[in-house]
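Some notes on the structure that comes next.
The values are calculated or read from the model by the stated rules, or taken from the named source; none is laboratory data. These numbers were taken from a predicted model, which means no experiment stands behind them. Neighbour counts are summed over all protein chains in view; Cβ atoms, including those assigned to glycine, are modelled from backbone coordinates with ideal geometry. Ligands, DNA and RNA are stripped out before the accessible areas are found, and what is left, the full protein with its side chains, is counted by its heavy atoms. Shrake-Rupley method; radii C 1.70, N 1.55, O 1.52, S 1.80 Å.
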Protein chains: 2
Amino acid sequence: MMEEPYYRLHAFCCTNVRPEQHPRGSCARKNAVALRDYLKKSAKEKGIDGVRINASGCLDRCELGPVMVVYPEGIWYRYENESDVDEILEQHIEGGKVVERLKLEVEDGP
Amino acid sequence: MMEEPYYRLHAFCCTNVRPEQHPRGSCARKNAVALRDYLKKSAKEKGIDGVRINASGCLDRCELGPVMVVYPEGIWYRYENESDVDEILEQHIEGGKVVERLKLEVEDGP
């Protein structure tokens, strides 16, 4: 039951925060909020149509974070810095090609 | 480039909050946080595998809210109360059948 999409591409960036000593860590403790804001701002500056970049609650792959998931494809990424975010934006969100270097597999943790 | 999904079904419930007088309104001003918590708790109690219920930032269909989007299908719903949430959970999330009564179309606002 695939639908004509309301957004062509809908990315959710985990921005969950846990206490500093939590054993699983959390994306927000690894700069996820600033990196998501950077992605949102960069996508807007490029004027890419049909794309939405949202923050989300815990995506439960905390150990690998910061993580995002891109729907409807269901591609997951980890990213560490603005350079990683640029690559996801330019290669995947603009160009439609998966960034294999940053992609998470189903069998990757937690 | 559809992937084997990490989650079979991934629902994002907008819980964005805006100032009380904002002309667009916001999902959190229409009980979205409590309804999302109720959906998450109910799904957990039912022990449904492969499903994740996340809160998200603004999904930009504020006037219709509270709204959620269910991926990978890309089905959007509006819901007002626990009875609506029960129907989405039992009929769609458990049963795999769209709840036509609550479904948003692409051409629905804002």
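List of remarks:
- Hey, A:Leu64 within 11 Å of the chain's Cα centre (by Cα) and of a type in the set (A, V, I, L, M) or not: no
- Single residue of the range A:12-39 satisfying the filter (in a loop (DSSP other than H, G, I, E, B) and small (Gly, Ala, Ser)) that is most open to solvent (accessible area, probe 1.4 Å): A:Gly25
- Matching residues in the range A:45-60 - criterion: being open to solvent by 10 Å² or more (accessible area, probe 1.4 Å) and either of a type in the set (Gly, Ala, Ser) or in a loop (DSSP other than H, G, I, E, B) (or both): A:Gly47, A:Ile48, A:Asp49, A:Gly50, A:Ala55, A:Gly57, A:Cys58, A:Asp60
- Here B:Arg8 meets each of (1) open to solvent by 50 Å² or more (accessible area, probe 1.4 Å); (2) closer than 20 Å to A:Pro5 by Cβ; (3) touching a Phe, Trp or Tyr at 6+ places or on another chain (Cβ under 6 Å) with one exception, condition (3).
- For B:Ser42, the conditions (1) touching an Asp or Glu at 6+ places or on another chain (Cβ under 9 Å); (2) open to solvent by 20 Å² or more (accessible area, probe 1.4 Å); (3) over 27 Å from A:Glu4 (Cα atoms) are fulfilled apart from (2).
- Scan of the range A:1-55 for residues that are touching a Cys at 6+ places or on another chain (Cβ under 9 Å), without any contact (Cβ under 8 Å) to a residue 40 or more places away in the chain, of a type in the set (A, V, I, L, M) and under 17 Å from A:Asn81 (Cα atoms), ordered by number: A:Ala28, A:Ala32, A:Val33
- Filter pass, B:Val33 being in contact with a Lys or Arg (Cβ under 7 Å, 6 or more places away or on another chain) and modelled with pLDDT of 95 or more: no
- In the range B:61-80, residue most open to solvent (accessible area, probe 1.4 Å) [restricted to those that are facing chain A (nearest Cβ under 7 Å) and touching a Pro at 6+ places or on another chain (Cβ under 7 Å)]: B:Pro72
- Search result, residues across the range B:68-110 that are in a loop (DSSP other than H, G, I, E, B), closer than 20 Å to A:Phe12 by Cβ and aliphatic (A, V, I, L, M): B:Val106
- The number of residues in the range A:87-110 that are open to solvent by 50 Å² or more (accessible area, probe 1.4 Å) and under 13 Å from the mean Cα position of the chain (by Cα) comes to 1.
- Residue in the range B:37-51 that is within 11 Å of another protein chain (Cβ to nearest Cβ) and among the β-branched types (Val, Ile, Thr) present: no
- Test: residue in the range B:42-49 that is closer than 29 Å to A:Lys40 by Cα and small (Gly, Ala, Ser): no
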